1. Determine whether segment 34-49 contains at least one residue that is of a type in the set (S, T, N, Q), out of contact with any Phe, Trp or Tyr (no Cβ under 6 Å at 6 or more places or on another chain) and farther than 17 Å from residue 148 by Cα.
2. Give the residue, chosen from 100, 51, 82, 36, that is under 16 Å from the mean Cα position of the chain (by Cα), surrounded by fewer than 16 Cβ atoms within 10 Å (Cβ to Cβ) and of a type in the set (D, E, K, R).
3. Among (1) within 22 Å of residue 146 (Cβ to Cβ); (2) of a type in the set (Gly, Ala, Ser); (3) in contact with a Leu (Cβ under 8 Å, 6 or more places away or on another chain), there is one condition residue 65 misses while meeting the rest; what is its number?
4. Could you please tell me which pairs satisfy a Cβ distance under 6 Å, a separation of 6+ or placement on different chains, a first residue in segment 66-80 that is in contact (Cβ under 8 Å) with a residue 40 or more places away in the chain and under 21 Å from residue 35 (Cβ atoms), and a second residue that is acidic (Asp, Glu) and surrounded by fewer than 16 Cβ atoms within 10 Å (Cβ to Cβ)?
5. Going by what's in this entry, would residue 96 be described as within 16 Å of residue 46 (Cα to Cα) and either at pLDDT 95 or above or in contact with a helix residue (DSSP H, G or I) (Cβ under 8 Å, 6 or more places away or on another chain) (or both)?
6. Residue under question is residue 98, and the condition is that it be touching a strand residue (DSSP E or B) at 6+ places or on another chain (Cβ under 8 Å) and either of a type in the set (Val, Ile, Thr) or within 20 Å of residue 148 (Cα to Cα) (or both); does it hold?
Amino acid sequence: MWTRRLRLPAVLLAVLICYFAAERAWGIGFYLHETKDELKLKYHVTVQDHKTGRVTVVFTLADEGRLKPLDEVQLVIPAQEKNEDGSNWMDLVVSIDMVKSDGGKRVGRVHLLHELAERASIQLNTHTMDGNMDGLTRLHHLIAIAKYMNNLPSVDTPPASEGK
């Protein structure tokens, strides 16, 4: 008799435990260390200096390579201070709106302060590698913007003409 009375609360307790455990369960994220060529990615990054303390970053993605399909393209700016374990919080994480252009390429633009661009990266996010999807594992490929900031063209400088 008393077991019938405890059955409903026991079932409810089990359901609540599963609900709260699932709410806290997150997938694991891994940063990929393969190069652009190893991942068969085709992209181009340009940075334009506006001489106002701001730059415009233009990211053109021609082929998602082995990471196809990408879930998201983000701009990430890690905090300057590191945590006790050596990791970083992020000062900014935003999605980049990738717009289709001619030839099937996708282009995203970001306008930000020069000092933030020096710390920023473009992050390609996916759950798929070589056509194999793993819903619990998120993969990240980082593209540091700082390496594209050498010899920045300014807005008032006309591009060098070719063929002369």
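1. no
2. The unique qualifying residue is 36.
3. Residue 65 satisfies every listed condition except (1).
4. 66/130
5. Here the answer is yes, as residue 96 does meet what is asked.
6. yes
The values are calculated or read from the model by the stated rules, or taken from the named source; none is laboratory data. These numbers come from a predicted model, not from an experiment. Glycine gets a Cβ as well: all are built from the backbone with ideal geometry, and neighbour counts include every protein chain shown.
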